[in-house]
Amino acid sequence: MLKIHCPQCKRSFLWTDEMPIQDKCPNPDCRWQYDVHDELKKNLNPQEKHEAHKKMLCPLCQQEIASRLCVCPGCHYIVAGKRTFRKSSLFLAVCLVLIMLSLIFKYSG
Ligand SMILES: [Zn+2]
Ligand SMILES: [Zn+2]
């Protein structure tokens, strides 16, 4: 059994196994031809579309995020691809880089 929604008369009807695969809409005023294969495809497609437009989620708290590299609005961690960083740890990393650079300049100059 399959519920088919007619786009012409805007009525739904139930298709059963005894009915032909392709036939006219049961509404006598309507000339729309249904095709069970098409209807089955329609039933499947929304899920596929949903998968294709899957939103990006924070790997830590599953909150929706705008891009692959941003600060998560949910947990306020820095999201970089599939990794998350705490803001403080990034701050530490930046500090370390600055210290390294200052050392390099000190010894090279
Ligand atoms: Zn119809
Ligand atoms: Zn998060």
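Laid out as a table, the results:
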read-out: Every pair of residues 6+ apart whose Cβ atoms lie under 6 Å, when the first sits in the stretch 1-17 and is among the β-branched types (Val, Ile, Thr) while the second is part of a strand (DSSP E or B) and away from ligand 2 (no atom under 16 Å from the Cβ); value: ILE4/PHE13; ILE4/TRP15; ILE4/TYR34
read-out: Whichever residue in the stretch 1-39 is of a type in the set (S, T, N, Q) and part of a strand (DSSP E or B) and, among such residues, is nearest to ligand 2 (Cβ to nearest atom); value: SER12
read-out: Counted residues, the stretch 83-109 - those being in a helix (DSSP H, G or I), of a type in the set (Ser, Thr, Tyr) and at pLDDT 80 or above; value: 1
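The values are calculated or read from the model by the stated rules, or taken from the named source; none is laboratory data. Everything numeric here is computed off the predicted structure, so don't read it as measured data. No Cβ is skipped: glycine too gets one built from the backbone with ideal geometry, and neighbour counts run over all protein chains shown.
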